[in-house]
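A.B. asks: I am attaching a structure below and will ask some questions about it afterwards.
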Amino acid sequence: MDQLLFLSIIITALDIFLIIYAITIPLYPEKWRNKVNKKYKNETATGVTIIFVTMAACFLWIIYFYFLIFHL
């Protein structure tokens, strides 16, 4: 149970970091962003990663609270 709580907190912290990173992307110079996007598709990869990490964090919290409420 403690490991599940710890994992949920770690994934949520990663999610918050990714969201803050996505918010700050427009602050980087346009020339650098264009160069990186051509090679790595940075903005698209960041968006998809945020979706999946948020989904994983939600599932982890749902599972944690399920076990907490029903004492399994």
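A.B. asks: Of the residues that sit in region 26-51 and are under 15 Å from the mean Cα position of the chain (by Cα) and free of Cβ contacts under 8 Å to residues at least 24 places away in the same chain, which one is nearest to TRP61 (Cα to Cα)?
C.D. replies: Looking at residues that are under 15 Å from the mean Cα position of the chain (by Cα) and free of Cβ contacts under 8 Å to residues at least 24 places away in the same chain, I get ILE51.
A.B. asks: Find the residue count for region 37-55, including only residues that are aliphatic (A, V, I, L, M) and at pLDDT below 85.
C.D. replies: Just the residues of region 37-55 that are aliphatic (A, V, I, L, M), to begin with: 45, 48, 50-51, 53, 55.
Imposing the further condition that a residue be at pLDDT below 85 reduces the set to none.
Matching residues across region 37-55 total 0.
The values are calculated or read from the model by the stated rules, or taken from the named source; none is laboratory data. Keep in mind it's a predicted model, so treat the numbers as computed, not measured. No Cβ is skipped: glycine too gets one built from the backbone with ideal geometry, and neighbour counts run over all protein chains shown.
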